[in-house]
Amino acid sequence: MHQLWLIPAFPLIGFLINGIAGRRMSKTAVNVAAIGSVLLSFLWVLKVLAGLGSLEDAYIERYFTWIQSGIVDVSFDFAVDRLSAVMLLVVTGIGLLIHIYATGYMSHEGGYYRFFAYMNLFMFFMLTLVLAANFLVLFVGWEGVGLCSYLLIGFYFHKKSAGDAGKKAFVVNRIGDFGFSLAMFLILVTFGSLDFARVFEKVGPMAVEHQAGVITLICLLLLVGATGKSAQLPLYVWLPDAMEGPTPVSALIHAATMVTAGVYMVARSAPLFNHAPIALEVVAIVGLLTAVMAATIGLTQYDIKKVFAYSTVSQLGYMFLGLGVGAYDAGIFHVMTHAFFKALLFLGAGSVIHALAGEQDLRMMGGLRKKIPVTFLTLFCAAIAIAGVPPFSGFMSKDAILLAAHHHHPWMYWVGVVTAGMTAFYVFRAIFMCFFGTYRGTAHPHESPLSMTGPLAVLALLSLGGGYLDVPHYLAPMFGGEHAPHETSLVVISVLAGAAGILLALLFYVIKPGLADALSRLAGKLYTLIYNKYFVDELYDAVIVHPTRDGSRALLWKGFDLGIIDGVVNGAGSLARTIGGGLRHMQSGYIRRYAAWVVVGAIVLLAAAAGMGGAR
């Protein structure tokens, strides 16, 4: 056995050490436990993958029977195949860099040991999710990362906005998780198992559902779960608010862990989705709509972290587009490249915020490229990667998705190209506002320490060269299918769209910096609509949150709880008190009164006896 359980066990040990004893440990000791555990996990992944070789078939380790009752027979099993191998390297590798970075970023924060305990716990649950050999073990990791997101987003619990953001992430994800739970019940009833291998083996010979059937329903319910974790329409609203957490948390959630869980789950369930083309089409459309909507919002935001947050939502939409058009390998390829450049964007933004003593407003930045040159150079590498500039990583994965989309439905390609242009524009808008022009802030900028810039440099190299890791070719044996033919003209068009976005950002924010404000005034209500994120949060508050809260107070609390439950309980108490109040007069403690009661009782009994005798 290759002891797969050690991969998540190392971060769990780190969590236990820092969670139990961290308060009494030095920061160095906390760092050793936190970073060392993730490093050991990463090294063990390398050891396992080297020992397993080409991984033509999934390698499974069975540990113990977890649930056995009737048709339910679930074991706690871990498995590794090519898909989980890619995800394991991304989660442990990028997670390790983020942990190292966090030692510098969080060095002056309170609750230092608690932060790293939560980060290690996050890694444990994400690795459990990836290693799971059945839907139920995957769901354990799935729920665990949801818990950790609540803990980490709300890490600054003294801030109401952070606490609210943590609760929002938790509640919104519970909605998606309800869909996932229903899907598991339906899978168990339909296939008699939750094991991936057995379910996929049974679905293989079944007919493809060109009209909606039970497999389509299963896949749509799985998609509901994925829309929550991977922030797709309509459950994306928690992700921008997640910026209330520390920046390393943003990088971990957005790049390597939680938001990739939904994409991974859909790719893992590919045999089911391949039998439900209607559901697969819904996946593509949801992804495309999410990508477009989030990209438009990103055009107007001024908080540097929120720009990159909406970028994450948009890029996740691209991944779902790839999955929905059947290009699972391209979608996972984009998961990997996105992990490189999105981790870099967030950690680079954190370096800027660190340099400016907490400032996040792009309007209070400018001219920083000479003051924090390492941060500038690394962030620029991330920007050209996500903008799709060839031959860097984002170009490789994004164009694989766009070509597959064109092969599936040409109109999806064109919408994707426009979105790519907007992506290039809003990312370089942030770069130009931050690093070019004159400095508009009041802080005294300074470069970040090596513990922060070192991971930035590694991520910059991965962002530039990570596209040459031929993930689609590696994953092809798992997913099969035909790859879209390479069409140079389509590639050129997408590259030109990205170039146009960069040039427009240069024009608006460097060459003629007043032009952007003039256009926003000209756009009027349309700009206001997009700037306010289409008022989706306000709509949810008006239609769902407030009616639910007010209805709960009026009906459940005042009507049912106070009126019925408290009424019954308090009424029973009042009745008992009244009866007891009457009876207590019989227990006065005076002997003469007791004697009187005895006489009265005797008279009553004699009268009753006489009455009965007279009746006879």
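The values are calculated or read from the model by the stated rules, or taken from the named source; none is laboratory data. Bear in mind that the values here come from a model prediction, so they are computed numbers and not experimental data. For neighbour counting, all protein chains shown are included, and Cβ atoms are generated from backbone atoms with ideal geometry for every residue, glycine included. When the accessible area is computed, the model is the full protein with side chains, heavy atoms only, and any ligands, DNA or RNA have been set aside. Shrake-Rupley method; radii C 1.70, N 1.55, O 1.52, S 1.80 Å.
General observations
- Which listed residue is over 24 Å from the mean Cα position of the chain (by Cα) and either within 27 Å of Gly70 (Cβ to Cβ) or open to solvent by 10 Å² or more (accessible area, probe 1.4 Å) (or both), from Leu221, Leu188, Leu194: Leu188
- Residue match in segment 359-380 (condition: small (Gly, Ala, Ser) and closer than 28 Å to Ser269 by Cβ): no
- Count of segment 136-179 residues which are closer than 20 Å to Phe76 by Cβ and either open to solvent by 20 Å² or more (accessible area, probe 1.4 Å) or in contact with a strand residue (DSSP E or B) (Cβ under 8 Å, 6 or more places away or on another chain) (or both): 8
Residue-wise test of (1) in contact (Cβ under 8 Å) with a residue 60 or more places away in the chain; (2) closer than 30 Å to Tyr156 by Cα.
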| site | (1), (2) |
| --- | --- |
| Ser26 | no, yes |
| Thr65 | no, no |
| Arg82 | yes, no |
| Leu97 | yes, yes |
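- Taken over segment 289-305, the criterion of being farther than 25 Å from Glu359 by Cβ, open to solvent by 20 Å² or more (accessible area, probe 1.4 Å) and not β-branched (Val, Ile, Thr) is satisfied by Leu289, Met293.
- Residues of segment 238-272 satisfying the condition of being open to solvent by 10 Å² or more (accessible area, probe 1.4 Å) and not acidic (Asp, Glu): Met243, Arg268, Pro271
- Yes/no for Ala404 being over 24 Å from Leu362 (Cβ atoms) and in contact with an Asp or Glu (Cβ under 9 Å, 6 or more places away or on another chain): no
- Segment 464-473, subset buried (at least 20 other Cβ atoms within 10 Å of the Cβ) and small (Gly, Ala, Ser), residue nearest to Gly324 (Cα to Cα): Gly467
- Residue match in segment 310-322 (condition: closer than 21 Å to Leu456 by Cα, touching a Lys or Arg at 6+ places or on another chain (Cβ under 7 Å) and either of a type in the set (Val, Ile, Thr) or modelled with pLDDT under 95 (or both)): yes
- For Leu461, the stated conditions hold: it is exposed (fewer than 15 other Cβ atoms within 10 Å of the Cβ), modelled with pLDDT of 95 or more and more than 25 Å from Ala500 (Cβ to Cβ).
- Boolean, Ser552 is open to solvent by less than 60 Å² (accessible area, probe 1.4 Å), among the hydroxyl-bearing types (Ser, Thr, Tyr) and either modelled with pLDDT of 85 or more or under 24 Å from the mean Cα position of the chain (by Cα) (or both): no
- Those helices (runs of 4 or more DSSP H) of segment 361-462 in which at least 1 residues are farther than 30 Å from Gly324 by Cβ and within 26 Å of the chain's Cα centre (by Cα), considering only elements entirely within it, cover 373-386, 410-435.
- Selection of segment 74-88 for residues being closer than 13 Å to Phe196 by Cα and surrounded by fewer than 20 Cβ atoms within 10 Å (Cβ to Cβ) yields Val74, Ser75, Phe76.
- Helices (runs of 4 or more DSSP H) wholly inside segment 1-117 containing at least 2 residues that are polar (S, T, N, Q), under 22 Å from the mean Cα position of the chain (by Cα) and modelled with pLDDT of 95 or more: 82-105
- Single unsatisfied condition, Leu152 versus (1) within 30 Å of Ser451 (Cα to Cα); (2) aliphatic (A, V, I, L, M); (3) without any contact (Cβ under 8 Å) to a residue 60 or more places away in the chain: (3)
- Per this entry, Ala309 is counted among residues that are of a type in the set (A, V, I, L, M), within 26 Å of Ala505 (Cβ to Cβ) and part of a helix (DSSP H, G or I).
- The residue that is nearest to Thr438 (Cα to Cα), counting only those in segment 512-541 that are among the hydrophobic types (A, V, I, L, M, F, W, C) and either under 28 Å from the mean Cα position of the chain (by Cα) or modelled with pLDDT of 95 or more (or both), is Ile530.
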